[in-house]
Structure formats: structure tokens, C-alpha cells
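The values are calculated or read from the model by the stated rules, or taken from the named source; none is laboratory data. In this text, all values refer to a predicted model and were calculated from it rather than measured experimentally. All Cβ positions, even for glycine, are placed from backbone atoms using ideal geometry, and neighbour counts span all protein chains on display.
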Amino acid sequence: MSKQHVKMTVNGTEVEGDIEARTLLIHFLRENIGLTGPHIGCETSHCGACTVDIDGRSVKSCTLFAVQAQESDITTVEGMASPDGTLHAIQEGFMQEHGLQCGFCTPGMIMRTHRLLKENPDPTDEEIRWGISGNLCRCTGYQNIVKAVRYAAKKLNETTREAAE
Amino acid sequence: MSDAATMTLEEREATLGGVGTARKRKEDVRFIQGAGNYVDDVKLPGMVFGDFVRSPYAHARIKSINAEVALAVPGVKAVLTAADLKPLNLHYMPTLAGDVQAVLAEEKVLFQNQEVAFVIAEDRYIASDAAELVEVDYEELPPIVDAFKAMDEGAICLREDIQGKTEGAHGARKHDNHIFTWEIGDKEGADKALETGEVTVKELVTYQRVHPSPLETCASIASMDKIKGELTLYGTFQAPHVVRTVASLLSAIPEHKIRVIAPDIGGGFGNKVGVYPGYVCSIVASIVLGVPVKWVEDRIENLSATAFARDYHMTGELAATKDGKITGLKCHVLADHGAFDACADPTKWPAGFFNICTGSYDIPVAHVSVDGVYTNKAPGGVAYRCSFRVTEAAYMIERMMDVLAQKLEMDPAELRLKNFVQPAQFPYNSALGWEYDSGDYPTAMNQMMQAVDYAGLRREQAEQRDKVARGESRSLMGIGVSFFTEIVGAGPSRNCDILGVAMFDSCEIRVHPTGSAIARLGTKSQGQAHETTYAQILATEIGIPSEDIGIEEGDTDTAPYGLGTYGSRSTPVAGAAAARVGRKIRAKAQKIAAHLLEVAEGDLEWEIDRFKVKGLPEKEATMKEIAWAAYNNLPEGMEPGLEAVDYYDPPNMTYPFGAYLCVADIDVDTGETSIRRFYALDDCGTRINPMVIEGQVHGGLTEAFGIAMGQEIAYDELGNVQGASLMDYFLPTAVETPVWETDFTVTPSPHHPIGAKGVGESPNVGGVPAFSNAVIDAFSHLGVKHMPMPHTAWRVWQQCKESGLTK
Amino acid sequence: MIPGDFEYYRPNSLDEAVQLLATHGDDARVLAGGHSLIPMMKLRLAAPEHLVDLRNIASLSGVSESGGDITIGAMTTQTELITSTVLSEHCPIIRETALLIADPQVRYCGTLGGNVANGDPGNDMPALMQCLGATYILQGPDGMREVEARGFYEAAYFTEMNDGEILTAVRFPTPAAGHGYAYKKLKRKVGDYATAAAAVLLSMKDGNCVSASIALTNVADTPLYAQAASDALVGTTIDAAAIDEAVALAEGITEPASDGRGPAEYRTKMAGVMARRAILEAKERAQ
């Protein structure tokens, strides 16, 4: 089969490559670009460890061919902190509230939380639980992840308010 | 020094960040930025990728393997089969349980998805393509799926490689499919207690086959440097040093030429203790090809081929007086070990520490026997977030306590209170041979009962039962009590070893001139926050802030030898080594301080982070000053430097315990169970980091919830594994997972240097019976004694139907 | 889990897509959201040599209401269904159902067309489309044709759709104002297919049921339109007796498989429980 040329923006940088059409986006991100944030956990689109943000949607990158992401704008956990190294409020929340243990689900959780809070900036605990229900965590029992999301929501809302004032 | 000099005691304690503080985790910084370094993140120059050809059958003879077509695929480097491994004597590998396991199937396959051939190619895509093209001709054989039929007369012999061997690693084999019989306790005494008991109960309690299923699957990268004769092996290893020793024994590469690196591990839960064919094949392939070879299993392979847990069929019997004092316990276990006995237990313990099954109760006489059998299922038998077979033991006794309470028409909590080992009895020698180190069970139980208003819950349950009886409600309420005692921290060398290596653990520390330090340990975190908590133990011992103490694990070239992390042994064993190594540092520091302050050692007293001269509080030497002096201003004759190592062989195990309560509501029409409330009181002795402890408890409870309510690695009658993907295998999401309430008491371990006991596995051990007891308790007024786990909606509905509750 | 390789096409028009399918015949498959097809390909249960990605065909997305009909483009995602104001206003059962499909990430990708066209009996939208009396609009080399959802499904993964055809849209009559509705789904966890699920749509007038429509998910190798059960409600006040009859009739047409979700008997009973609950809720919601 012929190789396909793909081009997309990942964490603000344009990347491209010549790949087999069957190359899964997760493999393109990990093997071709060398990212280590998105992880492979289940490969059947159940665990969410591979979640990245594509054009304003949370997507499981194990269940998308890289060619489908042609011309897309992708953010992974590597793109969350500011260029000066300041952590994003969500990253900070996960650390402050002990929202991670082994860390394997964390990049996916953070990226899912990112989109969730964009769409619902002040979610209830129940909305958080439904909002992250496409991401499995085997370590934390989710309770501290819920707190981490709340922490991030509060901080982001305060920042938004301050900016408005 | 200036800021340190002006700080208050409280400020210095806070700066120290020692034992007892809810210190934020050091490892988080990399994980939250995607900068963790898991095995699949490791990329080596020239690395190729291996993938398995697996058996579609549970039991079949291999007639031929043809790899020609696969080898012709561009990019394919090699295809390994048993025929290639046999000349190297690597087609079988030793298991931790004294058996052997096929690395690649030779003449027969013995379970579905067994490894048959290993295809190595330039990348994982080509390897996967080529694996499809390896032609294997099988002749199907009848499988044995039901453990109860394994030893039937005339049952087909599964393990032809050991056919006719009447002696196994653990004594006599009475059938070709029999592995061992293990017995402990006073059989005659227990028989008599059961015969003469005023009240007796007997129940078959099965703990289904489950799988730890960490989010990261197992993986390895072997890199053989043929010129230097050195092997570097990266892998998902909970016990990297043991892997190095095994790799050396298997490959005949001298142990000093093998470097095993366990980088970040994405959860283990027992799955990553054993040695798997994938590891061995990646090593062999790298030796053959001279390039690094990576192997990463996929989720289906993980669930169906590596490391199941449990599969224990336990027949428990209790005898008691009419007023509820237990007089004896008997238990027989039929243990389904699958195709090979690959249980990850200490060598002398083929059934792990199942003999902790007298639980938290003062049972005068007991007897346990365990028969292990082979079936056509995947090998394993790992301790899934528990010490060896401890969760099985806790499940059996905690279920039996409820069964007995029901027979006695006594409240399950009251029965437990009546039979507890009392605080004054510690150290307590159990009827099955353990010496419980410390405990205060009645206090924990009473604290739990008050916290949840136990009596109020029982009143509410009675009212709810009336409502259901009157047809006003379709919801049953169940209250599950569980009081568990664990045995963790393996273990004393007198009774615990793995392949002959005593189960000690170790810590080595170097304090640098500027007053920071690096410590290395023989354990390996898989998410348990070792980088955070070990530093806290050391901080308290040596007065250097935990922020200034780096922790490293997992590289056998740098870390001292240790037996790894599983069975909640890190804190009890390596944590003890950390405390003791700190004391060695402090002892030397005291000598240096005496020299600096020109006083006798005995004139000094320790205060948080410094030595002070007794009676002259302004004369002091901080650890920072002492560290500097260790490299330039020493007492005469003293060796420079400030470093130490400690290998700790614990005098005993530790015995964490806890009181759990679960309130469940059952929808009679669908059989769905909703967990209304779950309260967990844990006593893990001295608490090093309350935040981390709470996180461990949350996680363990969630795993217990998964196990009790849905997890099962099931097989059909042909031995086809059912539902080996995350669509079917129940890993709960945030939506299903209940909200957890945690609480604690503190009963330090008398023999551990800082009194800590370990906590990571307690919630799994205590949690499973709490869920199960809650579900079954909902039906107890209808005469239901036991229901099989997992308590899926359809199984519970089945009970509703049998109890005449469905419409 | 690595899929086999294929040639990838991303046509900009429906005609182009149809032409590609015509050219490559049996070896070609349409790629919509990919969340059914890609897992199948990763398990090598599907190995198409040509994949025709429809995402660039703008005309295949969107929800519109006109002339008493609602039309939804096949490439409309579950998330778009959930956030559609047209649907929330005129046909909220679609949002209710979509929210019970898979998980948030999958719903961003999964499309209505993919869900109804691939013939997986576990999918939720087919029964809902039967309940709504939807028509599927298919485009093929010989032009456009329409097939009723109630007659579309033949067996698991077998439908009325021919090779070379593309499902472009579904259309159904806008449910009457004030209608009652409910989709009830029993499942083991988020992300699971239904153990059993029921879609109910009904209208009440002066306390009597004037129309009812019931369909069932994942209790046979196709979605089931429960005609007799639906009829049993019409003309009644939806009293206990009518519900009992409808439930019994609904249970009667099920032919579920036994699997990890439970034995066939249980799943039949759960189809009844879900139908009962959906009927009660729909009645409650009807104005």
C-alpha cells in the first residue's frame, strides 16, 4: 500500500510524516513524533489513556487513524503547561489533590478534564464522574480525581473572573 | 544556616516533611506532564519488536508449525518456536512455585492464547502482520475446565512433561493433574471440634478467577551487547532483582553482566511479579539478533495469558457454642492453578499465607488443607493487591462468620466482637501458626459501629424489609460487615524465600556534602509513592528535609538487592531498612557533631534536624553542617563520607487490620446493586503519609468493588476465555465507583523500627467480603446463606427469582 | 492489536464516495466515526483494503426540521445529537439515548449513521429509529433509495443495505408536541452495550393513549420493533393491565443470546423491565 502524507499541528507545532494509512494516531504521536504522554491501555477504546484533544473534541487516539487527523489541531498533555513551565490548573489540581498514583491514566484524564471544563466550567461531582467516565483509573478510585477536577475548575474560574475584572 | 537558625520548632518540623505529614508526591511532576518513563516509552537504537502467535485452543497437540510465509514478509527478522529454544534449554522456564512453564509450547498447548511462536520484526505492525501468517496445525484434545473434574479417574493428563511424576515441588502428587496437597493445623482436633460443636456450619465459598489488569500491560525490552557480553533488560518488574537472578540462571549470563531496569510502572497489583514468556522471548531474540527487542502485550493477551488471581474453591466449616463462641475451624481448598503452577508465592508456601484464615478471631483449633490442580486455563495465581492468598483467606472466614451468625440468629457484628482476639492477647499465636504482632480489634470495631450508627442501620433495614414484604418497595437493603486481619511484609528469612533468596529488603543512602542525599532501595513502586514516603521516613531519622532526599529504585546496577514490591512489603521491610539506615547515618553524625562541638557524644541530644548540647541549647550542629564536616572535618581516624546500607530481615510479618462496613441497595427487578455507603477503618500502625494512605485505601476499595461486583475471567466448556477485553472485564468507571469514607486507628507494630505495617492491600482484602456480605445480607432474612461472586446484576436477580421476589 | 493496511480515501462529495465504492466493490468500506469499524479492524475481524472516509462531505452532517419531518445527516456525531437544540426541543429521546451510548470521547466521534448502518445488535440507535418510524436514505451507484428502519435489519451485521451504498441520512416524522418518551437501558457499566434496553414514544389525549411505539435493543440479533406491545397500549389509559400486557408482548418477541450480561432468560425479563419503566416514564412525561 502506498504511504500517506499527513500534516497536523501538535501542541502548537506543525508536524508531518509519511505513514501507512493504517497507522493509528496513538502510534503516530508516540513513535513518529516521540511523545510519551498519550498511553496505550486497552486498545479497544475503553480505557481512555490515549485521550488527546483534537479540534475541540476529546478523542481516544487508539481508535483513530492518523490520516483521519489530517490538518487537525491536536493538544496532548505535553501541551498543557505554559511555555515558561507553569503548570496548567488541571495539572496542579491533580498534584494538589493526589489525583494520581501510577500516572499511567493521568495524561488521558487531564486531557479529558481539559475539554470537560471548557464545556462545563463548574461541574457538579456527578457531572465530573460522568464526564470522565471514558477514562479508567486502576489506582485512585476516582475520588481524588473528582477533587482534582473541582480544584482545577475553581482555579480556572477564579482566573477567568480576575481577567474579567 | 541563617534561616534555619531563626526557624521555630514547628517551622523546622514543617520543613523536614517527615513521617506523619501529608506531603505532596514527588513523582507527580513528571506524570502530570506526560514525562513518565514507562517501558513502552523506552526506545533504543536499532530496536525491533516481537509479537506472539497464540493458541486458539485450550488443549491441543501441535502437529506442525510453518513460519515460511511469515519469514518472507519484508521487515521480519526471525520467528522463534520451541524448537529454537529447546537446544538452549529455554523452552521451559522455572516458575516461582517450583514448577516449569512452557516459554513457547512444544508438543501441546494447554490453554487458550498460550504462546506458540514469537515473531520479531522491524516494527509492531509488521510483527503483527507476520504473526497472522505463521501456520500452526493443531489436533484438538478434550479440555479440562472444571477444577472439580481435574482429578477424576480417567481424566486426561494435561502435563505430559511431568506425567507419572509422583513427587512434585511440594510433596506427593496423587493424580497426573494434581500439583500438591498442603496441610497445616491440627486435623484431629479440628475434626473433633466440628463433631462436637453445638452449632456447626459448612459452606462452599468460591473466589472466582480474576485478573489484576493494571492500566499498563506487561512489557520488556532486552538489549544484548554481544561485544561486552552484557544484557540490559527493561521491563514491568515489581521485583527487578529477582528477575536479574532468574535471567542469569536461565541464560547463563553472569549476574554482574545483567542489568535489569524497571522504569516507571503503570500499576502492578501482582500482575508484574512473575516472569512471563514475553520477557524470556525478548531476551532470547536479542541474543539471537544482537539488537534490542521490545515486547508489549495487548490487553487481550494481558487478561488471558498473564497472571490470573484467586480461583479458589474453599469449603469452610465452623463450630461454635450456642452462644456464639467459635470452637474450631476447618477448611479445604481446591485451587485451580491452570496449566502450570506459576503462583507467585514464597517458595515454602504453595498456598501462600492462606493459613491466616482464622482471621481476627481467637479460634482454639483449626485445620486447613489445599489441593492444587492443573486445568486448561492460563497459569498465574498471583496476589492481586493482597499478600499471598490472604484475600482468599479473609473472604472465606468473613463469609463464614456471616453464615455462622445467621445460623445462630446473632448479629454478624456481635458475633465478631464476641470472638475477637483481645488486645491483651498480643503477640497472639494463632491456631494455624502465625504470631500476630499487635492489634486492638474491639476498639476498631466499636469505632466503626458508632461512626455508621450500626444499630440505626439495622433498624432501617428491618423497616425496609417490612416495606418490601408489604409490596411498598422493590428495594432490598443489605449491610455488610467485614473485619479483617492481614499478614504482610514477607518476610522473615526463616520462613520466606523466593527461589532460595531470603525475602529481606534493603536501603542504601549517601548524604552529599551540601546536605542533600540520595537513597536507593530494593523495592519498586508501581504507583505507591515510594519516592515520596521513603524520603519522609529518612527525613525523620536523619533530619534532612524530605525535599532534599532523592529516592531511586528499579535499577539493579545501582539499587541494593531487594525482593521487590508486592504483598504490602515495601513499608514493612524496605521502609524498616530505610529507618535503620537512617539510624546508622545519625549515629555517625552524632560522632561528627561531638567532634564539631567539642563535647562527648553522650552530651548531645537530637532535635528534629540537629544535635544540641544538653543544657547548652545555643550550642548545636545541624545535619547540614554535619554533612559538610563529613567530607572535611572529621574526628581523627574516622572514615570520610556519610553513607550507609541496611539489609533488613524482619523478625516477623506485620498484621494490619480494619473494620469495614458496606450498605447496599438492591433493585429486585433488575438485580442491580447500588452501594449507598462504604466506610473503611484501617489500622496500618504508624502512618507515614495520611494523604497517600487515603489514596491507597480508595484505590484498593475500588478494586475490591470491581472484584466483588463484576470481575471474572470465565471460560466456556471448551476452555475459551470469555470476555477478555475491557468491554466485558469489569474495571469500574467513575460512575459506578462508590464514594468512600475512610477512618483509622493506630496500633503500631512492636517489631517494626517505626511501627508501620503497610496498607496498600488492606482495602482489597477487607473490601471484597464487605461487598459480598452486604449483598448476601440483603437476602439473609429469606434464609439465603451464600451467593456466588461476582455479584453481577443477573446473578443477584437469579437469587431474587429463587427467593420469590421477582414478578 | 494492529489493523491490516488499506488504501485511504477522503472524498469531498457524495458522488465521489459512491464512485470509489463502486470501483473497489467488496474490498471497500465506508469510514464514519470509526468506533465500530476500527476496533474490528484491530482485532482483524474486518480487513477492508479500501477505506472511504466520509468526514469531508459536509452535506452528510446536521440536523434539520421541516415539513413535519426531522432529518439527521449520517455523519452527525452523538455529541452533536446531544447538543442539538432542534432535537432537544422536538425529539428529546434522541439526546436521552445518545447520552447512554459509550462514553464522552466515543460520542465525539461516533456517528448516527455508523451506529444505525453497521447492523450491530448492541447499538442503541437502531431500535430508537424503529421506535421513531425512521426512514434511512441510501445513496448508491443507481441513485437514491429509502428503506424503513423497521425493515432494515436482517441479522447481526446483515442489513438491507447493498454493497456500494452509503447511508446518507435518516428522516422521521417529528413526534407530536406533548408526546411522552423514554429510553431505558440496563448495562453493566459505562461503555457497555445494553443487557436490554427499550425505547418508548407515546401520545396521550384526554387520559387515553392515542399512539404508542416500542422498540428493543440487544435482545435479539437485530433491533426489535414491538408492534403488538405498542398496539396493546393504544386506546388504554396505560393502566397496570395494559402495561402488563405490553410488557408480556415485548418479552415475547425477544430472542437474546446468553453472554456475560446474563443468560437469555434474564435478558428477556430485563427487556420487559426496561419496557415497563420506559412506558411509565413516557406516560409521566406525556402532556
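Residues of region B:293-334 being in a strand (DSSP E or B), charged (D, E, K, R) and closer than 30 Å to B:Lys257 by Cβ, which ones? Correct list: B:Lys294 only. When B:Glu167, B:Glu153, B:Glu160 are checked against the criterion of being exposed (fewer than 15 other Cβ atoms within 10 Å of the Cβ), away from every other protein chain (no Cβ under 14 Å), under 30 Å from B:Ile287 (Cβ atoms) and free of Cβ contacts under 8 Å to residues at least 60 places away in the same chain, a single residue qualifies: B:Glu160.
Filtering region B:725-746 to residues that are in contact (Cβ under 8 Å) with a residue 60 or more places away in the chain, part of a loop (DSSP other than H, G, I, E, B) and more than 7 Å from chain A (Cβ to nearest Cβ) leaves B:Tyr729, B:Phe730, B:Pro738, B:Thr745, B:Val746.
Conditions (1) aliphatic (A, V, I, L, M); (2) in contact with a helix residue (DSSP H, G or I) (Cβ under 7 Å, 6 or more places away or on another chain), marked per residue:
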position: C:Glu165; (1), (2): no, no
position: C:Val170; (1), (2): yes, yes
position: C:Pro173; (1), (2): no, no
position: C:Tyr183; (1), (2): no, yes
position: C:Asp221; (1), (2): no, no
position: C:Leu233; (1), (2): yes, yes
position: C:Asp244; (1), (2): no, no
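One residue stands out among those in region B:667-685 that are away from chain C (no Cβ under 14 Å) and not acidic (Asp, Glu): the one that is farthest from the chain's Cα centre (by Cα), which is B:Arg676.
Condition check ((1) more than 18 Å from C:Leu138 (Cα to Cα); (2) more than 11 Å from chain A (Cβ to nearest Cβ); (3) among the charged types (D, E, K, R)) across all residues:
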{"site": "C:Thr76", "(1), (2), (3)": "no, yes, no"}
{"site": "C:Cys91", "(1), (2), (3)": "yes, yes, no"}
{"site": "C:Arg95", "(1), (2), (3)": "yes, yes, yes"}
{"site": "C:Asn118", "(1), (2), (3)": "no, yes, no"}
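This table checks each residue for (1) part of a loop (DSSP other than H, G, I, E, B); (2) surrounded by 22 or more Cβ atoms within 10 Å (Cβ to Cβ); (3) not assigned by TED's automatic domain parsing to the domain that holds B:Phe49.
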{"residue": "B:Ile253", "(1), (2), (3)": "yes, no, no"}
{"residue": "B:Val260", "(1), (2), (3)": "no, yes, no"}
{"residue": "B:Tyr279", "(1), (2), (3)": "no, yes, no"}
{"residue": "B:Val284", "(1), (2), (3)": "no, yes, no"}
{"residue": "B:Ile287", "(1), (2), (3)": "no, no, no"}
{"residue": "B:Val291", "(1), (2), (3)": "yes, no, no"}
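Residues that are of a type in the set (Asp, Glu) and surrounded by 15 or more Cβ atoms within 10 Å (Cβ to Cβ) were ranked within region B:436-459; the one that is nearest to B:Ala490 (Cα to Cα) is B:Asp437. For region A:19-77, residues that are more than 23 Å from B:Asp264 (Cβ to Cβ), small (Gly, Ala, Ser) and at the interface with another protein chain (Cβ under 8 Å from one of its Cβ atoms) total 3. Of the helices (runs of 4 or more DSSP H) lying entirely inside region B:373-456, those carrying at least 2 residues that are under 22 Å from the mean Cα position of the chain (by Cα) and closer than 29 Å to B:His175 by Cα are B:390-408.
Screening B:Tyr361 on (1) in contact with a helix residue (DSSP H, G or I) (Cβ under 6 Å, 6 or more places away or on another chain); (2) within 30 Å of B:Thr95 (Cα to Cα) shows it passes everything except condition (2).
In region B:33-48, the residues that are surrounded by 16 or more Cβ atoms within 10 Å (Cβ to Cβ) and charged (D, E, K, R) reach residues that are modelled with pLDDT of 95 or more and assigned to a loop (DSSP other than H, G, I, E, B) with C-beta atoms within less than 7 angstrom, at least six apart or across chains, in these pairs: B:Asp40/A:Ile40; B:Asp41/A:Thr36. The set of residues from region B:686-701 being within 10 Å of chain A (Cβ to nearest Cβ), crowded, with 22+ Cβ neighbours inside 10 Å and of a type outside the set (Asp, Glu) comprises B:Asn689, B:Val692, B:Gly695, B:Gln696, B:Val697, B:His698, B:Gly699, B:Gly700, B:Leu701.
For (1) under 30 Å from B:Asp362 (Cα atoms); (2) within 14 Å of another protein chain (Cβ to nearest Cβ); (3) of a type in the set (Phe, Trp, Tyr), each residue gets a yes or a no:
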site: B:Ile253; (1), (2), (3): no, no, no
site: B:Val296; (1), (2), (3): no, yes, no
site: B:Ser304; (1), (2), (3): no, yes, no
site: B:Gly316; (1), (2), (3): yes, no, no
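Taking the listed residues B:Asn773, B:Asn764, the one that is within 21 Å of B:Leu303 (Cβ to Cβ) and away from chain C (no Cβ under 14 Å) is B:Asn764, with no other qualifying. Checked against the criteria, B:Val663 does not count as at the interface with another protein chain (Cβ under 10 Å from one of its Cβ atoms), touching a residue at least 24 places away in the same chain (Cβ under 8 Å) and over 30 Å from B:Val573 (Cβ atoms).
Restricting attention to region C:1-39, report how many residues are charged (D, E, K, R) and within 14 Å of chain B (Cβ to nearest Cβ). Of the residues in that region, 1 qualify. Among residues of region A:83-131 being more than 25 Å from B:Asn689 (Cβ to Cβ) and at the interface with chain B (Cβ under 7 Å from one of its Cβ atoms), the one that is surrounded by the fewest Cβ atoms within 10 Å (Cβ to Cβ) is A:Trp130.
Taking the listed residues C:Ala196, C:Ala257, the one that is hydrophobic (A, V, I, L, M, F, W, C), under 22 Å from the mean Cα position of the chain (by Cα) and farther than 29 Å from C:Glu146 by Cα is C:Ala257, with no other qualifying. Only a single criterion out of (1) surrounded by 19 or more Cβ atoms within 10 Å (Cβ to Cβ); (2) within 14 Å of chain B (Cβ to nearest Cβ); (3) in contact with a Gly (Cβ under 9 Å, 6 or more places away or on another chain) is not satisfied by C:Val273, namely (3). In summary, helices (runs of 4 or more DSSP H) completely within region B:1-70 and bearing 3 or more residues that are more than 14 Å from chain A (Cβ to nearest Cβ) and modelled with pLDDT of 95 or more occur at B:9-16.
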